[in-house]
Amino acid sequence: MNKIIKFINKILDVPKLIIRLWIILWLCLIILLIMKFCFGIWYPIVVENKILLNISDYIDNSWLKYLILSIFYVFNINLVYLTACRKVKYDHILEILLINLLIALTFIVKMYNNYLGFIGEFLIVIPIPIIYFHKYHPEDSIIKDILWTFVLQILIMLWQCNILLVRGLPNPLTSASTIIQIILQLDYYIFLTILWIGVSIMGLIGIWFFVKDVTKLKAIRESELAKAHPDMKLVKDIDSKITKLEASK
């Protein structure tokens with residue numbers, strides 16, 4: 001896997017691609033919000049496309065409804081969890097299995113009892129990330145970790161409210177078909193992806209993509225090494241960046 005990543009990095013400028021993707025997502029988000037405000041309750045495609053409505057009706061009357069909803073639900077909670085932990089991906093296979101097992105159980109519970117499902121979601125996206133982050137970054141204040149995860153959840157909840165309130169209806173998603181629900185929530189999923197890229201990926205690439213000053217890089221390196229559990233991969237990346245900058249002088 002590492003060889004594949006190195007090969008891709010040689011061919012493509014991954015940091016620039018990520019930044020361009022981030023910009024594209026922001027543009028898509030703005031366009032979708034404009035469509036919501038300007039075209040009222042439904043996007044034009046939902047109103048005009050009869051085939052889409054027929055497909056949506058078929059899905060709602062089959063097992064595909066639960067499959068599609070579960071896929072988007074797992075995607076949703078995974079992104080929120082990774083963003084709350086401020087990391088790009090899972091560290092271990094065991095972590096993937098445990099978190100996604102909890103997500104699957106929460107989804108099943110939520111189908112029968114929304115309140116209990118909310119408790120499950122709360123455990124996955126607030127206490128667990130706080131415990132994880134404080135374990136690997138014990139020098140940071142646990143109060144700051146708690147505040148960070150709560151602020152993140154407030155942002156997400158505000159965006160979810162936007163899905164409903166922007167159309168001026170109490171809860172249009174409860175009576176909408178599955179496909180229409182997903183279309184109406186595209187801005188929400190884009191927003192989650194923007195948060196994840198901005199917090200997790202941009203934070204990692206920022207040091208060796210934006211910082212060009214050797215003195216600043218050395219200061220960042222020393223700060224990282226001073227931690228109880230320094231990120232040695234990050235230190236190596238900084239060393240590599242410093243070497244390249246000094247060689248180019």
Only one of TYR132, TYR115 is surrounded by fewer than 16 Cβ atoms within 10 Å (Cβ to Cβ) and either more than 23 Å from TYR189 (Cβ to Cβ) or over 15 Å from the mean Cα position of the chain (by Cα) (or both); which?
TYR115
Would you mention how many residues in region 4-47 are in a helix (DSSP H, G or I) and either in contact with a helix residue (DSSP H, G or I) (Cβ under 6 Å, 6 or more places away or on another chain) or modelled with pLDDT of 60 or more (or both)?
29
Considering only residues that are over 14 Å from ILE128 (Cα atoms), of a type in the set (S, T, N, Q) and without any contact (Cβ under 8 Å) to a residue 40 or more places away in the chain, look in region 53-90 and name the one that is surrounded by the most Cβ atoms within 10 Å (Cβ to Cβ).
SER70
Condition test on LEU52, is it modelled with pLDDT of 85 or more, hydrophobic (A, V, I, L, M, F, W, C) and in a helix (DSSP H, G or I)?
no
Within region 164-199, count every residue that is closer than 21 Å to THR149 by Cβ and at pLDDT below 75.
0
Pairs returned, first residue in region 109-138 that is among the hydroxyl-bearing types (Ser, Thr, Tyr), second residue that is not in a loop (DSSP other than H, G, I, E, B), beta-carbon separation under 6 angstrom, 6 or more apart or interchain, are TYR132/CYS85
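One line per residue, one yes/no per condition, for (1) in contact with a Gly (Cβ under 9 Å, 6 or more places away or on another chain); (2) in a helix (DSSP H, G or I); (3) modelled with pLDDT of 85 or more; (4) among the polar types (S, T, N, Q):
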{"position": "PHE72", "(1), (2), (3), (4)": "no, yes, yes, no"}
{"position": "GLU139", "(1), (2), (3), (4)": "no, no, no, no"}
{"position": "PHE150", "(1), (2), (3), (4)": "no, yes, no, no"}
{"position": "ILE154", "(1), (2), (3), (4)": "no, yes, no, no"}
{"position": "LEU158", "(1), (2), (3), (4)": "no, yes, no, no"}
{"position": "ASN162", "(1), (2), (3), (4)": "no, yes, no, yes"}
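The values are calculated or read from the model by the stated rules, or taken from the named source; none is laboratory data. Just so you know, these numbers come straight off a predicted model, no measurement behind them. As a convention, Cβ positions derive from the backbone with ideal geometry for all residues, glycine included, and neighbour counts pool all protein chains shown.
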